[in-house]
Amino acid sequence: MAIQIFVACALLSVGSDFSPPGCGWEDLFNGKDLSGWWGAGTEDPASWQALDPKDLAAKKAESLSDIRAHWRVEDGVLVNDGQGLYLTSDRNLGDFELELEYRTVAGADSGVYLRGYPQVQIWDTTKAGGKWGIGADKGSGGLWNNPEGSPGRDPIFYADHDFGEWNHLRVRMVGERVSVWLNNQLVVDHAQMDNYFRRAEPLVRQGPIQLQTHGGEIRWRHIRVREIDSEEANRILWEHGREGFETIFNGRDLTGWQGAIDGYEVVDHAIQCRPGHGGTLFTEREYGDFVVRLEFMLPPGGNNGLAIRYPGMGDPAYSGMCELQVLDNTHPRYANLDPRQYHGSVYGQVAAHRGYLRPAGEWNFQEVTVRGSRIRVELNGTTILDADIEEVRDFMYEAKKFAGRARRRGFFGFAGHGDPVRFRCIQIKTLDDQPDGVPSDSDGEGS
């Protein structure tokens, strides 16, 4: 029944400005007053979220006099005079869908901040507005604070209505992946939103909606949100970039796999490490450069790993290019690990960003791209690692222990450590044209 309801909601939302009532939607603005909102400017949400609760409460309270001076409610509509702090929701959101309508005036420049990050751009798109040189001619809806030339920075289509008309904005955010519909046209398609404040770091996992003010009156109405659960988030992540992938696990047995066959079993269409067993289970085929997509589920305290360019013998963390950790980061037994041992890390070499795993017992979506000596790990829509391991100079152990890290070809697999970690929906896309049968670097030296 839950799946049927989701499909019905999705179908009804296509081709109409507003999704139907129900389906998990909740009003973020009550249409009467400014309850549930405070004020903030363009400031790193990671910084104010790190404040002591008392200091954060004081910061919010101090902002309200500015908010009351520049924001008001008229006939169910939020009105801002173009000045002051940005209206900021008390509610923090992780994966979500947002809908609202806005109407602005000539010369205005505004936007919607997602989890506190700028921004889904709103322009005066006319030549008279004076901002064609920085992209206003392309229309509203783009992630304008992304690096120039990056996907999503400019909208795919010009979809703005004329001044004096209301524009309908719909935004969907899963991890750092953002899609934007403006007046029922898709203008940003699953683009990664950049961290404006800390370019080398991912976005915070949860944060507020902010309505930006920027020199001209803007009005907002019908503001509502719908939280996206992990099951739906995974479906969305699977829908994008599917071209060229080959399924390498049939969901029934371990056909196509070799190595520690006795250490694994198939449970509910997933490969599971047998409790108390393990070893490295790996593909019959070797890969050079590739992308692998899969889902995994960790039991409490679960520990496993992804074997990357494994030679078929030895410990993949050392004999292979690397082992990418698969680990329940929050379990007390792992409280004092080296940062290079937590989930998504290149074991013993490069630490991944933490805080993006779902709770133990839920399925996570992960995509790993291996190209040359560079590895990128995207977990639940957020990039938690992007590193060239040739540049690593600081190792958890002596460098010679990682003898295989220069390998450019090998098997893909799972490095079990006795915990019943599960993997399913395993797909690989090759990124090179090197045929099967080309010798692997079995001596650990790169080609």
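The values are calculated or read from the model by the stated rules, or taken from the named source; none is laboratory data. These numbers were taken from a predicted model, which means no experiment stands behind them. Ideal geometry is used to build each Cβ from the backbone, glycine not excepted, and the neighbour counts take in all protein chains shown.
In the stretch 233-240, is there at least one residue being in a loop (DSSP other than H, G, I, E, B) and within 25 Å of Ser47 (Cα to Cα)?
No; the residues of the stretch 233-240 include none that is in a loop (DSSP other than H, G, I, E, B) and within 25 Å of Ser47 (Cα to Cα).
Residue check: is Arg221 among the basic types (Lys, Arg) and either outside any loop (DSSP other than H, G, I, E, B) or not assigned by TED's automatic domain parsing to the domain that holds Arg424 (or both)? Don't jump to the end; show me each part of the working.
Working: among the basic types (Lys, Arg): yes; either outside any loop (DSSP other than H, G, I, E, B) or not assigned by TED's automatic domain parsing to the domain that holds Arg424 (or both): yes.
So Arg221 passes the test.
Which members of the stretch 416-447 meet the condition of being under 26 Å from Gly244 (Cβ atoms) and at pLDDT 95 or above? Steps first, answer last, please.
We begin by selecting, within the stretch 416-447, every residue under 26 Å from Gly244 (Cβ atoms); these are 422-441, 446-447.
Passing the criteria: Arg422, Phe423, Arg424, Cys425, Ile426, Gln427, Ile428, Lys429, Thr430, Leu431.
Give the residue, chosen from Leu281, Leu182, Leu254, that is more than 16 Å from the chain's Cα centre (by Cα), modelled with pLDDT of 95 or more, surrounded by 18 or more Cβ atoms within 10 Å (Cβ to Cβ) and in the same structural domain as Glu323 (by TED's automatic domain parsing).
Working: Leu182 fails: in the same structural domain as Glu323 (by TED's automatic domain parsing); Leu254 fails: surrounded by 18 or more Cβ atoms within 10 Å (Cβ to Cβ).
Exactly one of Leu281, Leu182, Leu254 is more than 16 Å from the chain's Cα centre (by Cα), modelled with pLDDT of 95 or more, surrounded by 18 or more Cβ atoms within 10 Å (Cβ to Cβ) and in the same structural domain as Glu323 (by TED's automatic domain parsing), namely Leu281.
Residue by residue through the stretch 153-173, note down the ones that are buried (at least 17 other Cβ atoms within 10 Å of the Cβ) and small (Gly, Ala, Ser).
The one that is buried (at least 17 other Cβ atoms within 10 Å of the Cβ) and small (Gly, Ala, Ser): Ala159.
With the checklist (1) closer than 26 Å to Gly279 by Cβ; (2) outside any helix (DSSP H, G or I); (3) at pLDDT below 95 in hand, flag the one item Asp394 doesn't pass.
Every condition holds for Asp394 apart from (1).
What is the number of the single condition among (1) surrounded by 16 or more Cβ atoms within 10 Å (Cβ to Cβ); (2) within 24 Å of Arg199 (Cβ to Cβ) that Glu97 does not meet?
It is condition (2) that Glu97 fails.
Assess whether Leu56 counts as being surrounded by fewer than 18 Cβ atoms within 10 Å (Cβ to Cβ), aliphatic (A, V, I, L, M), without any contact (Cβ under 8 Å) to a residue 24 or more places away in the chain and in a loop (DSSP other than H, G, I, E, B).
Details: surrounded by fewer than 18 Cβ atoms within 10 Å (Cβ to Cβ): yes; aliphatic (A, V, I, L, M): yes; without any contact (Cβ under 8 Å) to a residue 24 or more places away in the chain: yes; in a loop (DSSP other than H, G, I, E, B): no.
Against the criterion (surrounded by fewer than 18 Cβ atoms within 10 Å (Cβ to Cβ), aliphatic (A, V, I, L, M), without any contact (Cβ under 8 Å) to a residue 24 or more places away in the chain and in a loop (DSSP other than H, G, I, E, B)), Leu56 does not qualify.
Within the stretch 62-137, considering only strands (runs of 3 or more DSSP E) that don't extend past its boundaries, which have at least 3 residues that are in contact (Cβ under 8 Å) with a residue 60 or more places away in the chain and either out of contact with any Gly (no Cβ under 9 Å at 6 or more places or on another chain) or on the phi < 0 side of the Ramachandran plot (or both)? Steps first, answer last, please.
Values: elements: 71-74, 77-80, 86-89, 96-104, 109-114, 117-123.
Correct list: 77-80, 86-89, 96-104, 109-114, 117-123.
So which residues in the stretch 118-135 are in contact with a Phe, Trp or Tyr (Cβ under 9 Å, 6 or more places away or on another chain) and surrounded by fewer than 14 Cβ atoms within 10 Å (Cβ to Cβ), if there are any at all? Lay out the reasoning, then the answer.
Taking the stretch 118-135 first, the residues in contact with a Phe, Trp or Tyr (Cβ under 9 Å, 6 or more places away or on another chain) are 118-126, 129, 131, 134-135.
Result: Ile134, single match.
Which residues, taken from the stretch 359-382, are surrounded by fewer than 22 Cβ atoms within 10 Å (Cβ to Cβ) and among the β-branched types (Val, Ile, Thr)?
Val368, Thr369, Thr382
Just the residues that are hydrophobic (A, V, I, L, M, F, W, C), surrounded by 22 or more Cβ atoms within 10 Å (Cβ to Cβ) and assigned to a loop (DSSP other than H, G, I, E, B), please, taken from the stretch 340-358.
To start, the set of residues in the stretch 340-358 that are hydrophobic (A, V, I, L, M, F, W, C) comprises 346, 350-352, 357.
Filter again for surrounded by 22 or more Cβ atoms within 10 Å (Cβ to Cβ), leaving 346, 350, 352, 357.
Scanning the stretch 340-358 gives Ala352, Leu357.
If a residue must be among the aliphatic types (A, V, I, L, M) and in contact with a Phe, Trp or Tyr (Cβ under 7 Å, 6 or more places away or on another chain), how many such residues does the stretch 49-66 contain? Step through it out loud before you land on a result.
Going through the stretch 49-66, the residues among the aliphatic types (A, V, I, L, M) turn out to be 50-51, 56-58, 61, 64.
With in contact with a Phe, Trp or Tyr (Cβ under 7 Å, 6 or more places away or on another chain) added as a condition, the list becomes 56, 64.
Going through the stretch 49-66 one residue at a time, the tally reaches 2.
Looking at the stretch 156-177, which of its residues are more than 21 Å from Trp220 (Cα to Cα) and not in a loop (DSSP other than H, G, I, E, B)?
Start the filter on the stretch 156-177 by keeping residues that are more than 21 Å from Trp220 (Cα to Cα), which leaves 156-157, 174-177.
Listed by number, the residues that qualify are Val174, Arg177.
Answer with yes or no whether Asp194 is over 17 Å from Val120 (Cα atoms), in contact with a strand residue (DSSP E or B) (Cβ under 9 Å, 6 or more places away or on another chain), of a type outside the set (Gly, Ala, Ser) and part of a loop (DSSP other than H, G, I, E, B). Break it down stepwise before answering.
On the way: over 17 Å from Val120 (Cα atoms): no; in contact with a strand residue (DSSP E or B) (Cβ under 9 Å, 6 or more places away or on another chain): yes; of a type outside the set (Gly, Ala, Ser): yes; part of a loop (DSSP other than H, G, I, E, B): yes.
Here the answer is no, as Asp194 does not meet what is asked.
Among the residues of the stretch 284-308 satisfying the criterion of being in contact with a Phe, Trp or Tyr (Cβ under 9 Å, 6 or more places away or on another chain), within 21 Å of Phe365 (Cα to Cα) and charged (D, E, K, R), which is surrounded by the fewest Cβ atoms within 10 Å (Cβ to Cβ)?
Glu295
With hydrophobic (A, V, I, L, M, F, W, C), closer than 14 Å to Trp220 by Cα and at pLDDT below 95 as the only criterion, which of Val105, Val77 stands out? Break it down into steps so the answer makes sense when it comes.
Working: Val77 fails: at pLDDT below 95.
That would be Val105, the only listed residue that is hydrophobic (A, V, I, L, M, F, W, C), closer than 14 Å to Trp220 by Cα and at pLDDT below 95.
Within the stretch 397-411, how many residues turn out to be over 32 Å from the mean Cα position of the chain (by Cα) and in contact (Cβ under 8 Å) with a residue 12 or more places away in the chain?
2
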